[in-house]
Each structure stands twice: as C-alpha cells, then as structure tokens.
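Asks: Take this structure, written in structure tokens, and hold onto it; I'll ask about it next.
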C-alpha cells in the first residue's frame, strides 16, 4: 500500500479552518488582535477597518470581539506611532531642526523634553541633536538683537526721553531709555555740594552721563543747581 502523505495549507485571508476545511469567517484581523507593533485590518460584514495613528503616540487598534472592537493603545516608552503601528523612535529629535536662534525649539531625548531658553539678555541656551545625541551650547545673539523666550529678536527701537530736555543743571530731570528689551530710568542727582551728576539723551538715542558744575553762587540741592 502507498504511504499516506499530509501537508499544511494556510487558509486564504478572511477564512479559518473549521472541520477540516477553510470557511469564511464573520470577522478576521490580519494582525491577529490588538497588536500595536503591527498594522492590521479587520474584515467584518463586508467592510474593512484598518489600524491608524492617534495624536500623542498611540495606535487606534481594531480587532475581533463581539463584532468589531476598537481601542487606543499607547506606544511604549521610546516608541512613536507611524503608519498605524508603534516603531522605535529616533534617539533625539529637535523641533527647530538644530541651532536655530530665531525659532524656539524643543529637543526630545531619553523620554524627556529640553526647551531652548535665555541665559541672560543676549545669550540663548540652545539644545540640538548631533549624531543622535542631545547637545547644548551657549550662543550669543547677533548684534542688535536680544534674547526673549528662548529666541533672538530685534531690539525694539525707542527714543531716549529726558524730562528736563538735556543738560540743564537748574532743572532736575529723569531719562528713560531701553536696553535688551528692558526699560530703565536714571535721574539727575547731586555729585557734591557744587555740581550735578547730569543724565541726558545723546544724538544717537542712547543715554549720556556727566558731572556738570553749578554756576558761581549756586549749590546743588535735590539733583539741581539753586541760588
């Protein structure tokens, strides 16, 4: 008698083995269930439901339950959702693409976020990625710019203002000026009994200082020369 031979034959998609034959299933999932690492499609009642990515790094999974079931499954730490499945994410990402001083950026590495910030008035502490690793560097803003909210921005142009109109020792004045985006004031004051430490606006819009002597017979009181 001849030998009996056997062979395993996979059923076609959407079919399962029942009673020794392939029969069409009411519900079939190509990835075998709620498996976030694989993009699957559920076939049910003549319709198809395919896994897709949701905001925040999760997969919207379809699978067979009582009909078609669905749920959001968060990707594991260090993974991102792409093309309807969770994959290993890059070791380091930077939203501003590198050392970009005029755009605020956030570097993500090791499951943590690092945002660019100001280190003083004119320096940006810039985070960036290099060869898949997080790096940081102190970078000075270009001339005429200052740091605000982690980026370099042009300094706002304001005229210098002097309430006494200039070098007037007989009138106490206050100068208002701007530097690095901040407003400052300086007020005339007595340097000694017979001279004023006078503050004024220069032709270039900056603040000037100088010691001016009172006229003969005058003395300095409360920031101005008086008889």
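Asks: Going by the structure shown, is residue 106 within 30 Å of residue 182 (Cα to Cα), without any contact (Cβ under 8 Å) to a residue 24 or more places away in the chain and in the same structural domain as residue 150 (by TED's automatic domain parsing)?
Replies: Judged against the criteria, residue 106 is a match.
Asks: Could you tell me whether the range 115-125 includes any residue that is touching a strand residue (DSSP E or B) at 6+ places or on another chain (Cβ under 9 Å), under 30 Å from residue 150 (Cα atoms), surrounded by 14 or more Cβ atoms within 10 Å (Cβ to Cβ) and assigned by TED's automatic domain parsing to the domain that holds residue 28?
Replies: Looking through the range 115-125, none of the residues is touching a strand residue (DSSP E or B) at 6+ places or on another chain (Cβ under 9 Å), under 30 Å from residue 150 (Cα atoms), surrounded by 14 or more Cβ atoms within 10 Å (Cβ to Cβ) and assigned by TED's automatic domain parsing to the domain that holds residue 28.
Asks: Go through the range 80-134 and tell me which strands (runs of 3 or more DSSP E), entirely inside it, have 3 or more residues that are modelled with pLDDT of 90 or more and out of contact with any helix residue (DSSP H, G or I) (no Cβ under 8 Å at 6 or more places or on another chain).
Replies: In the range 80-134, the matching strands (runs of 3 or more DSSP E) lie at 123-130.
Asks: For the range 1-29: of the residues being at pLDDT 75 or above, surrounded by 10 or more Cβ atoms within 10 Å (Cβ to Cβ) and part of a loop (DSSP other than H, G, I, E, B), which is farthest from the chain's Cα centre (by Cα)?
Replies: The residue in question is 11.
The values are calculated or read from the model by the stated rules, or taken from the named source; none is laboratory data. Here the structure is a predicted model, which means the values were calculated and not measured. So basically every Cβ, Gly included, is an ideal-geometry build from the backbone, and we count neighbours across all protein chains shown.
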